[in-house]
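Here the structure comes first, spelled out in structure tokens, and everything after it is commentary.
The values are calculated or read from the model by the stated rules, or taken from the named source; none is laboratory data. This one's a predicted model, so the numbers in the text were calculated from it and none came from an experiment. Cβ placement follows ideal geometry from the backbone for every residue including glycine, while neighbour counts extend to all protein chains displayed.
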Amino acid sequence: MKFLRKIFDNAHAKLNKSEKTKKFFPLVDSVDTLMFTPNHTTKGGAHIRDGIDLKRTMMFVILALIPCLLFGMYNVGYQHVLANAEAADWTNVDMFLHGAWRVLPFVVVSYAVGLGVEFIFAIKNGHAVQEGYLVSGMLIPLIMPIDTPLWMVAFAVVFGVVIGKEVFGGTGMNVLNVALTTRAFAFFAYPTSMSGNNVWVSGFSDLKAAGNLNVDAVSGATPLGDLASFAQDEPAYSTLDGFIDNGNSLMDAFWGLYPGSIGETSVFAILLGGVFLLMTGIASWRVMFSFFAGGLAMALVLNQVAGEDVYMQLPAMHQLMYGGFFFGMVFMITDPVTAAQTNSGKFIYGALAGILGILIRIVNPAYPEGIMLAILIANVCAPLIDHMVISGNIKRRLKRVKTA
Amino acid sequence: MSKSIKIRKGLDIRIKGDADRSSVEAPLSSTYAIKPTDFHGLVPKLLKKVGEPVKAGTPIFQDKYREEIKFVSPVSGKVQEIKRGAKRKILEVIIEADKDISYEENSPVDIASIDRDKAKEILLASGLWPFIKMRPIDIVANYTDTPKSIFISGFDSSPLAPDYDYLLHTRDKEFQAGIDILNKLTDGKVNLQLRAKGGADAAFTQVKKVVANKVDGVHPAGNVGPQIHQIDPISKGEVIWTVNAQDVAIIGKYLLTGKYDASKLVALTGSEATNRKYYKVIIGANASDVFTGNTKTDNVRYISGNVLTGSQIEADGYIGFYDSQLTVVPEGNEYKFFLTSGWLGLGFKKLSNNSAYPSKVLGPKKFDVDTNLNGEERAFVVTGEYEKVFPFDIYPVHLVKSVIINDIDGMEKLGIYEVAPEDFALCEFVCTSKINSQEIIRKGLDVIHSECM
């Protein structure tokens, strides 16, 4: 490692020679600190420090996302095969490779554009690049429909990073979840590429145009899209049982081989990451638990009031398995910067997002995916929730003075 | 009305380098120093010039704004040097010591017969007053205040802490005399906190005129901050005084003998120290007497105090006024490759309160920790980690943030009157973003001191 160390030391020495090159310090520094924990020692205050740092914290979230990423790649290929009449003889490996070939460009674009923006701000403001985008950069590809054009992803990332984060002061200062801001921008700016029935299966539109589509087997819609269609004039299925029996059982939903955003479909893969995050203490169990409880409670309530509404009749657990609910629970709502910061506030915050998410999804079928909006709304409410919790604490302290 | 409390939130930092329970008499240093920097916020006014002779107990400087508070020479000799720093700030007043100590002779004090004003007068004139600190603000107490109670912790729970039972062993009478005079200073109680589990030395258990409270739990159980918070919390306008247990005995000794004999035990601790035991020294002693020949390597950090709240000193620096401990830990000034010992390694040897390292369950029983920051300073990102080690009904991160933006109203509401920098030491230790919260809280207290008191 001495060899590597020398390269960085030389690079720093060269940069430091003139004022002009000095401002590019963040570039070298960020790669350097990625490869080496720096030799900084404590100055003032506690002389020894905990081994944890933000890089490790962020990297652990990325590790937790790997099952989703790998499963997403496989599922992209799997859905493509289902839809492509000419791909019937593809093996599992072929499916995975197809998926990887389609998904990796998303990852590359997301990181290249996002980190590019971060570097520009770091150089301009003369600070080190903070690690926040490492996680956002991996989340963004996983919540995009596979057929979203890459230029849209790039635009959305620029919007998400600049408006979602940098205008507030960068990592740690943002009000809204960066990845969801990015997705919300794409969702509202390019609705036809972010929703509907043509974007969830790799190459769907091209297959349709070329006449190679397995029309009988594949509609291209997500299960939530199918469910939402119950409220419309021409539902995809005539009854709820018809929907469930057609490859949409609870366990099907759990394993996640159905069309959807790249990484959000498999509850199994998501929970692998979730367990890892809980065990390492990176994600807050309070938020996760209350989000789940809130969503489940709302779904149960809607079950009770369903009446003739087929969509509402879908059993609560089954309802939660679809869409971004679990992905949001493990990776989005737990973002500590945009969540409530007080321990009791976290319960309220998570529950609020869970309740709103299912409510928006079911009661307003115009947005088959309500989780994104619900989490963004909860983000906005988080400071208010904290304010209430802290006011309680302040009042308790003041009361002590009066009684004494 | 003694209370029994439990500190649930906190962290016992398990590092190598305990001191054995045996003591040696350190040789008399050739130089001693009283450091005005040990007393936060103090502006010293010198009373002796370089070359002037002093005795043990002779005032050498006083507080410029509270002139009754005198700081006395711990030994006899002559003023050798006044060491100054930037803007001519006085850093150390160094005394060249005689071979034999001669004392300012005063008559012993009959504590039973004196009143509060007389007690204050004695403590102020004899240079014992600086041992008494006040909460809030955590500075030398104001003699015009009457505290609602006085707190003395009978044990230290900080990393590698000296054993107070050993420090106070056989000093029963002196400790009692100190307690007696402290009782004169308050209308309330003198509270002495002892560990709930395990016995304590007779000096603590037999002492009278105190309320002995039991404290159970993890560090910072031994800090007066959380003890006060649970037993007799401070609201705005209230004052509590605190004294270190060993300093109570020093006060007591003066009262019994009429001489300022500031000898005490300090523990030499830390993984890089050898001959780790207790050394009998006089306050302000040159630490080189203890360090010389007792450290393993040169690339070490010398700390007067413990690793959380102590101050860095040179190998030939002077022991801090309030400290009963010297710690030597390795410096961590080297790069660490990220996969091996750096930020993404398995980290079995890395001490952490975070489950992202296996150390909590799988690591060694005691860790060897250096002074590397283990990362870089960042904005607050992770939440909830301060709360795990902060046993107050206060929101620590919000308090720190209110100080950063200098929001005085916010600080008051969020509980700044109840905390001292040392109470944030564990928060600083566990902080993922490596924020120096002790320093921030100190700034906040300074603002409150100048604006609100």
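Between B:333, B:306, which is more than 22 Å from residue B:9 (Cβ to Cβ), in contact with a strand residue (DSSP E or B) (Cβ under 7 Å, 6 or more places away or on another chain), in a loop (DSSP other than H, G, I, E, B) and not basic (Lys, Arg)?
Step by step, each of B:333, B:306 is checked, and only B:333 is more than 22 Å from residue B:9 (Cβ to Cβ), in contact with a strand residue (DSSP E or B) (Cβ under 7 Å, 6 or more places away or on another chain), in a loop (DSSP other than H, G, I, E, B) and not basic (Lys, Arg).
It is to be established whether one or more residues within region B:182-195 are outside the structural domain of residue B:427 (by TED's automatic domain parsing) and over 25 Å from residue B:119 (Cα atoms). Full working, then the answer.
Of all residues in region B:182-195, those outside the structural domain of residue B:427 (by TED's automatic domain parsing) come to B:182-195.
With the extra rule that they be over 25 Å from residue B:119 (Cα atoms), the set shrinks to B:194-195.
Among the residues of region B:182-195, at least one is outside the structural domain of residue B:427 (by TED's automatic domain parsing) and over 25 Å from residue B:119 (Cα atoms), which makes the answer yes.
Can you work out which of the residues in region B:399-441 that are of a type in the set (Gly, Ala, Ser) and part of a helix (DSSP H, G or I) is nearest to residue B:235 (Cα to Cα)?
This residue is B:410.
Can you confirm whether residue B:212 is of a type in the set (Gly, Ala, Ser), in a loop (DSSP other than H, G, I, E, B) and farther than 17 Å from residue B:324 by Cα?
So residue B:212 does not fit the description; no.
If you scan region A:190-211, which residues turn out to be touching a residue at least 60 places away in the same chain (Cβ under 8 Å) and either within 18 Å of residue A:101 (Cβ to Cβ) or assigned to a helix (DSSP H, G or I) (or both)?
From region A:190-211, those touching a residue at least 60 places away in the same chain (Cβ under 8 Å) are A:195, A:200-204, A:207; that's our starting set.
A:200, A:201, A:202, A:203, A:204, A:207 - these are the residues of region A:190-211 that are touching a residue at least 60 places away in the same chain (Cβ under 8 Å) and either within 18 Å of residue A:101 (Cβ to Cβ) or assigned to a helix (DSSP H, G or I) (or both).
On the basis of being free of Cβ contacts under 8 Å to residues at least 12 places away in the same chain and either touching a Phe, Trp or Tyr at 6+ places or on another chain (Cβ under 8 Å) or more than 26 Å from residue B:231 (Cβ to Cβ) (or both), does residue B:115 make the cut?
Judged against the criteria, residue B:115 is not a match.
With respect to residue B:355, is the statement that it is polar (S, T, N, Q) and more than 7 Å from chain A (Cβ to nearest Cβ) true?
no
Give the residues of region A:363-374 that are crowded, with 24+ Cβ neighbours inside 10 Å, modelled with pLDDT under 95 and in a helix (DSSP H, G or I), sorted by residue number.
A:371, A:372
Regarding residue B:294, is this residue under 26 Å from residue B:92 (Cα atoms), touching a strand residue (DSSP E or B) at 6+ places or on another chain (Cβ under 9 Å) and surrounded by fewer than 23 Cβ atoms within 10 Å (Cβ to Cβ)?
Working: under 26 Å from residue B:92 (Cα atoms): yes; touching a strand residue (DSSP E or B) at 6+ places or on another chain (Cβ under 9 Å): yes; surrounded by fewer than 23 Cβ atoms within 10 Å (Cβ to Cβ): yes.
Yes.
Would you check which residues across region A:17-29 are out of contact with any Phe, Trp or Tyr (no Cβ under 8 Å at 6 or more places or on another chain), over 30 Å from residue B:312 (Cα atoms) and surrounded by 12 or more Cβ atoms within 10 Å (Cβ to Cβ) and list them?
Taking region A:17-29 first, the residues out of contact with any Phe, Trp or Tyr (no Cβ under 8 Å at 6 or more places or on another chain) are A:17-25, A:29.
When the remaining residues are screened for being over 30 Å from residue B:312 (Cα atoms), the result is A:17-25.
Selection gives A:21, A:23, A:24, A:25.
Here are A:219, A:193, A:229: which of them is over 22 Å from residue A:253 (Cα atoms) and over 17 Å from the mean Cα position of the chain (by Cα)?
The match here is A:193.
For the subset of region A:31-84 comprising residues that are more than 10 Å from chain B (Cβ to nearest Cβ), within 29 Å of residue A:284 (Cα to Cα) and of a type in the set (Gly, Ala, Ser), which member is surrounded by the fewest Cβ atoms within 10 Å (Cβ to Cβ)?
Among those residues, the one meeting the criterion is A:64.
Restricting to region B:230-252, and then to whatever is in contact (Cβ under 8 Å) with a residue 60 or more places away in the chain and within 11 Å of chain A (Cβ to nearest Cβ), can you tell me which residue is surrounded by the most Cβ atoms within 10 Å (Cβ to Cβ)? Talk me through it step by step, then tell me what you get.
Within region B:230-252, the first condition is being in contact (Cβ under 8 Å) with a residue 60 or more places away in the chain, and the residues that meet it are B:230-236, B:238-252.
Retained after the next criterion (residues that are within 11 Å of chain A (Cβ to nearest Cβ)): B:232-236, B:238.
Details: B:232: 19, B:233: 18, B:234: 22, B:235: 17, B:236: 17, B:238: 18.
The selected residue is B:234.
Results for (1) more than 9 Å from chain A (Cβ to nearest Cβ); (2) surrounded by fewer than 22 Cβ atoms within 10 Å (Cβ to Cβ), shown as yes or no for each residue.
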| site | (1), (2) |
| --- | --- |
| B:325 | yes, no |
| B:330 | yes, yes |
| B:338 | no, yes |
| B:348 | yes, yes |
| B:363 | yes, yes |
| B:366 | yes, yes |
| B:388 | yes, yes |
| B:391 | yes, no |
| B:415 | no, no |
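Is one or more of the residues making up region A:362-373 within 14 Å of chain B (Cβ to nearest Cβ), over 30 Å from residue A:76 (Cβ atoms) and touching a residue at least 12 places away in the same chain (Cβ under 8 Å)? It would help to see each step written out before you state the result.
Taking region A:362-373 and keeping what is within 14 Å of chain B (Cβ to nearest Cβ), we get none.
No; the residues of region A:362-373 include none that is within 14 Å of chain B (Cβ to nearest Cβ), over 30 Å from residue A:76 (Cβ atoms) and touching a residue at least 12 places away in the same chain (Cβ under 8 Å).
Inside region B:382-406, can you point out the residues that are closer than 22 Å to residue A:170 by Cα and touching a Leu at 6+ places or on another chain (Cβ under 6 Å)?
B:398, B:399, B:402
Looking at residue A:28 and the list (1) free of Cβ contacts under 8 Å to residues at least 40 places away in the same chain; (2) under 30 Å from residue A:270 (Cβ atoms); (3) assigned by TED's automatic domain parsing to the domain that holds residue A:171, which single condition is not satisfied?
(2)
For residue B:424, state whether it is of a type outside the set (D, E, K, R), touching a Pro at 6+ places or on another chain (Cβ under 8 Å) and either away from chain A (no Cβ under 11 Å) or crowded, with 24+ Cβ neighbours inside 10 Å (or both).
Spelling it out, residue B:424 is indeed of a type outside the set (D, E, K, R), touching a Pro at 6+ places or on another chain (Cβ under 8 Å) and either away from chain A (no Cβ under 11 Å) or crowded, with 24+ Cβ neighbours inside 10 Å (or both).
Output yes when any residue across region B:97-120 is β-branched (Val, Ile, Thr) and assigned to a helix (DSSP H, G or I), and no when none is. Talk me through it step by step, then tell me what you get.
Going through region B:97-120, the residues β-branched (Val, Ile, Thr) turn out to be B:101, B:109, B:111, B:114.
Those left that are additionally assigned to a helix (DSSP H, G or I): B:111.
Checked region B:97-120: at least one residue is β-branched (Val, Ile, Thr) and assigned to a helix (DSSP H, G or I).
Mind checking whether some residue in region B:167-175 is of a type in the set (D, E, K, R), in contact with a strand residue (DSSP E or B) (Cβ under 7 Å, 6 or more places away or on another chain), surrounded by 19 or more Cβ atoms within 10 Å (Cβ to Cβ) and not assigned by TED's automatic domain parsing to the domain that holds residue B:68?
Taking region B:167-175 and keeping what is of a type in the set (D, E, K, R), we get B:171-174.
This time we only want the ones that are in contact with a strand residue (DSSP E or B) (Cβ under 7 Å, 6 or more places away or on another chain), so: none.
No, because not a single residue in region B:167-175 is of a type in the set (D, E, K, R), in contact with a strand residue (DSSP E or B) (Cβ under 7 Å, 6 or more places away or on another chain), surrounded by 19 or more Cβ atoms within 10 Å (Cβ to Cβ) and not assigned by TED's automatic domain parsing to the domain that holds residue B:68.
One line per residue, one yes/no per condition, for (1) at negative phi; (2) free of Cβ contacts under 8 Å to residues at least 24 places away in the same chain; (3) surrounded by fewer than 17 Cβ atoms within 10 Å (Cβ to Cβ):
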{"site": "A:257", "(1), (2), (3)": "yes, no, yes"}
{"site": "A:261", "(1), (2), (3)": "yes, no, no"}
{"site": "A:279", "(1), (2), (3)": "yes, yes, yes"}
{"site": "A:287", "(1), (2), (3)": "yes, no, no"}
{"site": "A:290", "(1), (2), (3)": "yes, no, no"}
{"site": "A:294", "(1), (2), (3)": "yes, no, no"}
{"site": "A:298", "(1), (2), (3)": "yes, no, no"}
{"site": "A:312", "(1), (2), (3)": "yes, no, no"}
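So if I check each of B:383, B:371, which one is in contact with a His (Cβ under 6 Å, 6 or more places away or on another chain) and at the interface with another protein chain (Cβ under 7 Å from one of its Cβ atoms)?
After applying the criteria, what remains is B:371.
Does residue B:189 qualify as being surrounded by fewer than 22 Cβ atoms within 10 Å (Cβ to Cβ), farther than 13 Å from residue B:7 by Cβ, touching a strand residue (DSSP E or B) at 6+ places or on another chain (Cβ under 6 Å) and away from every other protein chain (no Cβ under 14 Å)? Can you show your working first?
Working: surrounded by fewer than 22 Cβ atoms within 10 Å (Cβ to Cβ): yes; farther than 13 Å from residue B:7 by Cβ: yes; touching a strand residue (DSSP E or B) at 6+ places or on another chain (Cβ under 6 Å): yes; away from every other protein chain (no Cβ under 14 Å): yes.
It is true that residue B:189 is surrounded by fewer than 22 Cβ atoms within 10 Å (Cβ to Cβ), farther than 13 Å from residue B:7 by Cβ, touching a strand residue (DSSP E or B) at 6+ places or on another chain (Cβ under 6 Å) and away from every other protein chain (no Cβ under 14 Å).
Please give the helices (runs of 4 or more DSSP H) falling wholly within region A:87-189 in which 1 or more residues are of a type outside the set (Phe, Trp, Tyr), within 14 Å of chain B (Cβ to nearest Cβ) and surrounded by fewer than 21 Cβ atoms within 10 Å (Cβ to Cβ).
The qualifying helices (runs of 4 or more DSSP H) are A:92-125.
Among (1) within 26 Å of residue B:430 (Cα to Cα); (2) not in a loop (DSSP other than H, G, I, E, B), there is one condition residue B:247 misses while meeting the rest; what is its number?
Tallying (1) within 26 Å of residue B:430 (Cα to Cα); (2) not in a loop (DSSP other than H, G, I, E, B), residue B:247 fails exactly one: (1).
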